[in-house]
Number of protein chains: 2
Amino acid sequence: MNAAIAAFADALGPDAVLTSERDLREHRDPYSYAGWDEFTASAVVLPATVEQVQAVVRIANAHRVRLWTFSQGRNNAYGGPAPRVSGSVLVSLRRMNRVLEVNEELAYALVEPGVRFFDLHEAVRSVGHKLWISVPDVGWGSVVGNALDHGWGFTPYGDHATSQCGMEVVLANGDVLRTGMGAMSGSRTWQVHRRGFGPSPDGLFMQSNFGIVTKMGVWLMPQPECYLPGWVRVRDEADLGPLVDALRPLLLDGTIPNKPLIGGPAGANAMEMADPGRWNMRFALYGPEAVVDAQLEDVRAAFSRIPGATVGGTKYAGDEAAAAGPAGDRVQAGVPGMDILELVRRRGGEHGGHLDFSPVCPLTARDVTALCGLMRSLADRHGVAYSPGLIASPRSLVHVLPMIFDTTDEAETRRAYELYEVLVTEVARAGYGLYRAHLRFMDLVAEQYDFNDHAQRRFNQSLKDALDPNGILSPGKQGIWGRSTR
Amino acid sequence: MNAAIAAFADALGPDAVLTSERDLREHRDPYSYAGWDEFTASAVVLPATVEQVQAVVRIANAHRVRLWTFSQGRNNAYGGPAPRVSGSVLVSLRRMNRVLEVNEELAYALVEPGVRFFDLHEAVRSVGHKLWISVPDVGWGSVVGNALDHGWGFTPYGDHATSQCGMEVVLANGDVLRTGMGAMSGSRTWQVHRRGFGPSPDGLFMQSNFGIVTKMGVWLMPQPECYLPGWVRVRDEADLGPLVDALRPLLLDGTIPNKPLIGGPAGANAMEMADPGRWNMRFALYGPEAVVDAQLEDVRAAFSRIPGATVGGTKYAGDEAAAAGPAGDRVQAGVPGMDILELVRRRGGEHGGHLDFSPVCPLTARDVTALCGLMRSLADRHGVAYSPGLIASPRSLVHVLPMIFDTTDEAETRRAYELYEVLVTEVARAGYGLYRAHLRFMDLVAEQYDFNDHAQRRFNQSLKDALDPNGILSPGKQGIWGRSTR
């Protein structure tokens, strides 16, 4: 390891290699109990260029050093920057923070992995481009890292993995691959056309340890003439099913084009909604004013069939949407913020942390009420507050349960971890899989993906061994281990 | 080979193995000159179940026999069912023709690869589901095969590879993989949620020879309340650029949600448009009547800035859209037909055939006029009629040039092939890559994807060797060759 550290410093410069106790502590899981000695790195390297990333993987191969890559490392509810295997060398891509291009005409950007949502938002605004980005709840994360982890935002482009177009990837052997149309040098369509000639590997580099993404295209939406963030409130516990069934056709036919969020009273609080009902949903409409007006009428008509439901919204001109309004109005317009962290601190204290438990179910009353009922009963049994945020797509729903705790309180922290473990197998038994998982549960979650005696695992292992025979890249990520570590 | 044929007949039944001269002739490239002795299979096997597909690959491995898979084999402008390597055994999936599920509530279907667009359309209509499918110009092809080849339709779901959700794949080693949420046995979200846990391999099985897809989910659109197929006509050659620049914002903001098609006078003829202009575009709107009305006004306003442009459309109730109207009105409503084949016969005679040359460019006036100008001048020089169909997406345009010829006229057929070869390198030099290619040009097209000294090829070869060490699956497809055939 010492020889590897020396080689990293030689290739990247001594200031690009961190090994102090304090630096390593800062790269641990931020929401773990401090006394638990797990997921600790042995060094952090900070390449600034693609060539330096290539040098890092070559050195790692030569010295059989395990790496763990992160873009910004703000994947906090799932482990932050911490490595699955203690002793790994962290590859921080924070220095690769250039917005390489913003194209207003074709509505895309090309970014490096260190670019935060705040940075991309600023890059677009500072030159006056009439484009909106899509952001998750917290704006300090990496645009690339979030998409690679299948992350979600709340505009019509909120499925971040799908809004990706074109990647550059450093493979474990140091080779540099460009995907899609970027596989042609001099291509004019790398960021505008989704696939190239032959198979498309983009999905392989998401939630995986098959390569290090060093550039990514991201599609942006044109600033609409009119923006209308809206809300729906229903009174009773039993109204969740009817709410979901009324929402589905509106999403399927595009009347509501974005990713609505449904929450209980605490969720409404997080969304800064006044006068919450038992269940509360935010959504948004975008477009020419006449279209938005017509769509709002259809939304009203659909939900008015639920007794006691109320529907409303605030109309903005597109160019003023970013300026003000509550958090929900900003986030659905792609304006990055930090509001949610305040909420975690409010509920978990100064040292508040959270795990997010995130299974997916079909967007039907039957499935949503079954999943919520199952999770509530288990949360109650473990003494953990059940206050989910439900992110809706036309056919599926991502059920995010933030389990908030005081990270200085070992018993409280442990309760959340214990509930998480129980939930993984219980929701799988009911047919619901997680879309993402915390470091500690990656193996357990992967274990649930068991079709044909774990064909997915066998397939992933074949690819891992072919692309990374020494197993240097992020061993254990999403439950994928190279030959030497199985 | 004889031993393999016997083993296939043993596993599948003798009627599932075809070796007669006549059967093999029927599986050649339908649009090749009959005297050219290329791309000829040595046998055809017809598995009817997943288990039989597994048996086929196991036998092929044992006997080192090369396979070439097709779903319906109607990929006619690109080679039909014919194999890249003469002597291959064709795996025809036409007997696997079950529509396994149509879910009206969540708007999807699960189909086997032998299901044709006609079959899926009929399966949806026969039970009265209010769902529309998306179809390419000709309805006899496979829903799965078309999506796997990155094919296009003309509804809002017209990017068929993107409308796919969840696959089952038989790998070269006989293993059966399910992708996405289907990797969990008992999953309730296989066809409703795009990605599972870990990397997503779906894109790997498109335009590739890494596996045989035996089931695929496909998203369907809800039947709209109102359907308005529309048209835009402009007068002058130079109006193409302004047409494209006026269209782009309407696609980017979703005002026009489908895949518009632009053509010259001959293209307008194919679209059954009356009174064509120099350039003609069809598009369609779908939704509640008030929304469609508002959108049509925005479309009119956008194109009215082009002097001499005219805009129109026909409003249908959603439930009558399938009934009648010209071909363009039907195909944009997902009603399968065979009209385009008539056109090929009209222009190429009884034995008319065509090659489709299909590069992709950004959806800007500059790029579209540059690409069209380049292709027209080369087509003129080779004496081939230049009459393209341009399929528009929000950021890119697929330029399909059908080169129509009489397949009994060797000189005429050869002219099209010669032009195709010249065009491949000329458009690549200008930065435009093909999204699909005819058998004869797969290597040449792949050669153009040359970034970093052909990193894509190296990457594809690593995967090929890992997943299919004997190189039995479709050698040469999209220019990918296994170790034994490189």
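The values are calculated or read from the model by the stated rules, or taken from the named source; none is laboratory data. Here the structure is a predicted model, which means the values were calculated and not measured. Note that each Cβ is placed from the backbone with ideal geometry, even for glycine, and that neighbours are counted across all protein chains shown. What goes into the accessible areas is simple: the full protein's heavy atoms, side chains included, and nothing from ligands, DNA or RNA. Shrake-Rupley method; radii C 1.70, N 1.55, O 1.52, S 1.80 Å.
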Next item on the list: Look at B:L434 and say whether it is in contact with a Pro (Cβ under 8 Å, 6 or more places away or on another chain) and under 30 Å from A:F459 (Cβ atoms).
Entry: yes
Item checked: Residue count, region B:319-372 (criterion: closer than 30 Å to B:A446 by Cα, part of a helix (DSSP H, G or I) and at pLDDT below 95) -> 4
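Based on what the data block shows, is B:L374 within 12 Å of chain A (Cβ to nearest Cβ), open to solvent by 40 Å² or more (accessible area, probe 1.4 Å) and among the hydrophobic types (A, V, I, L, M, F, W, C)?
no
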Margin query: So, in region A:137-148, exactly how many residues are part of a loop (DSSP other than H, G, I, E, B) and open to solvent by 20 Å² or more (accessible area, probe 1.4 Å)?
Written below: 3
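For every residue, the table says whether it meets (1) more than 14 Å from chain A (Cβ to nearest Cβ); (2) not aromatic (F, W, Y); (3) not in a strand (DSSP E or B).
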| position | (1), (2), (3) |
| --- | --- |
| B:G80 | yes, yes, yes |
| B:R84 | no, yes, yes |
| B:G87 | yes, yes, yes |
| B:R95 | yes, yes, yes |
| B:L100 | yes, yes, no |
| B:L110 | no, yes, no |
| B:D119 | yes, yes, yes |
| B:E122 | yes, yes, yes |
Next item on the list: Considering only residues that are modelled with pLDDT under 95 and among the small types (G, A, S), look in region A:1-60 and name the one that is farthest from the chain's Cα centre (by Cα).
Entry: A:G35
Check: Regarding B:A62, is this residue among the small types (G, A, S) and buried (at least 23 other Cβ atoms within 10 Å of the Cβ)?
Finding: no
Margin query: Need pairs with beta-carbon distance below 8 Å; first residue farther than 13 Å from A:A6 by Cα and β-branched (V, I, T) and within region A:38-64, second assigned to a loop (DSSP other than H, G, I, E, B) and open to solvent by 40 Å² or more (accessible area, probe 1.4 Å); sequence gap 6+ or separate chains.
Written below: A:T40/A:R28; A:T40/A:S86; A:V57/A:N173
Next item on the list: Please go through region A:465-483 and pick out each residue that is in contact (Cβ under 8 Å) with a residue 60 or more places away in the chain, in a helix (DSSP H, G or I) and under 16 Å from A:R84 (Cβ atoms).
Entry: A:K477, A:Q478
Checklist line | Subset of region A:445-464 [open to solvent by 20 Å² or more (accessible area, probe 1.4 Å), in a helix (DSSP H, G or I) and without any contact (Cβ under 8 Å) to a residue 24 or more places away in the chain] | finding: A:F451, A:N452, A:D453, A:H454, A:Q456, A:R457, A:R458, A:S462
Checklist line | Test for A:V422: is it β-branched (V, I, T), assigned to a helix (DSSP H, G or I) and either open to solvent by 20 Å² or more (accessible area, probe 1.4 Å) or without any contact (Cβ under 8 Å) to a residue 40 or more places away in the chain (or both) | finding: yes
Notebook entry, point to check: Being within 24 Å of B:V234 (Cα to Cα), open to solvent by 10 Å² or more (accessible area, probe 1.4 Å) and not hydrophobic (A, V, I, L, M, F, W, C), is that true of even one residue in region B:329-352?
Noted result: yes
Next item on the list: Considering only region B:252-278, state which residues are aliphatic (A, V, I, L, M), under 23 Å from the mean Cα position of the chain (by Cα) and either away from every other protein chain (no Cβ under 14 Å) or open to solvent by 50 Å² or more (accessible area, probe 1.4 Å) (or both).
Entry: B:L261, B:I262, B:A266, B:A268, B:A270, B:M271
Item checked: Members of region A:172-204 that are open to solvent by less than 20 Å² (accessible area, probe 1.4 Å), more than 7 Å from chain B (Cβ to nearest Cβ), within 25 Å of A:A55 (Cβ to Cβ) and touching a strand residue (DSSP E or B) at 6+ places or on another chain (Cβ under 6 Å) -> A:A172, A:T179
Next item on the list: Check B:Q164, B:Q207 and return the single one that is touching a residue at least 60 places away in the same chain (Cβ under 8 Å), buried (at least 22 other Cβ atoms within 10 Å of the Cβ), under 21 Å from the mean Cα position of the chain (by Cα) and within 12 Å of another protein chain (Cβ to nearest Cβ).
Entry: B:Q207
Item checked: Pair list, Cβ under 8 Å, 6 or more apart: region A:372-383 residue without any contact (Cβ under 8 Å) to a residue 12 or more places away in the chain, other residue surrounded by 15 or more Cβ atoms within 10 Å (Cβ to Cβ) -> A:R376/A:Y386; A:D380/A:Y386
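Can you go through B:A62, B:A109, B:A48 and tell me which one is in contact with a strand residue (DSSP E or B) (Cβ under 6 Å, 6 or more places away or on another chain) and among the aliphatic types (A, V, I, L, M)? Reasoning before the result, please.
On the way: B:A62 fails: in contact with a strand residue (DSSP E or B) (Cβ under 6 Å, 6 or more places away or on another chain); B:A48 fails: in contact with a strand residue (DSSP E or B) (Cβ under 6 Å, 6 or more places away or on another chain).
So the residue among B:A62, B:A109, B:A48 that is in contact with a strand residue (DSSP E or B) (Cβ under 6 Å, 6 or more places away or on another chain) and among the aliphatic types (A, V, I, L, M) is B:A109.
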Item checked: Single condition B:V398 does not satisfy, out of (1) open to solvent by 30 Å² or more (accessible area, probe 1.4 Å); (2) touching a strand residue (DSSP E or B) at 6+ places or on another chain (Cβ under 7 Å); (3) modelled with pLDDT of 95 or more -> (1)
Next item on the list: Answer with yes or no whether A:A302 is without any contact (Cβ under 8 Å) to a residue 40 or more places away in the chain and closer than 21 Å to B:P156 by Cβ.
Entry: no
Next item on the list: Considering only region B:153-246, give the strands (runs of 3 or more DSSP E) lying wholly within it that have at least 1 residues that are within 30 Å of B:G325 (Cα to Cα).
Entry: B:164-171, B:211-219, B:226-234
Notebook entry, point to check: What residue, of A:P229, A:P249, A:P224, is at negative phi, within 13 Å of another protein chain (Cβ to nearest Cβ) and crowded, with 24+ Cβ neighbours inside 10 Å?
Noted result: A:P224
Next item on the list: Can you work out which of the residues in region B:391-409 that are within 14 Å of B:A77 (Cα to Cα) and aliphatic (A, V, I, L, M) is farthest from the other protein chains (Cβ to nearest Cβ)?
Entry: B:I404
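Name the one entry in B:A284, B:A302 that is assigned to a helix (DSSP H, G or I) and either touching a strand residue (DSSP E or B) at 6+ places or on another chain (Cβ under 9 Å) or on the phi < 0 side of the Ramachandran plot (or both). Lay out the reasoning, then the answer.
On the way: B:A284 fails: assigned to a helix (DSSP H, G or I).
After ruling out the rest, the residue left standing is B:A302.
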Next item on the list: For region A:420-428, state whether one or more residues are more than 29 Å from B:L106 (Cβ to Cβ) and either of a type in the set (S, T, Y) or out of contact with any Asp or Glu (no Cβ under 7 Å at 6 or more places or on another chain) (or both).
Entry: yes
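Report whether or not B:G308 is more than 14 Å from chain A (Cβ to nearest Cβ), under 23 Å from B:D236 (Cα atoms), within 27 Å of the chain's Cα centre (by Cα) and not in a strand (DSSP E or B). Walk me through it before giving the result.
Details: more than 14 Å from chain A (Cβ to nearest Cβ): yes; under 23 Å from B:D236 (Cα atoms): yes; within 27 Å of the chain's Cα centre (by Cα): no; not in a strand (DSSP E or B): yes.
In short, no.
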Note to self: Looking only at region B:415-459, filter to residues that are of a type in the set (K, R) and under 21 Å from B:A77 (Cα atoms); which one of those is farthest from the other protein chains (Cβ to nearest Cβ)?
What the structure shows: B:R415
Check: What's the number of the condition A:E412 fails, among (1) away from chain B (no Cβ under 14 Å); (2) touching a residue at least 12 places away in the same chain (Cβ under 8 Å)?
Finding: (2)
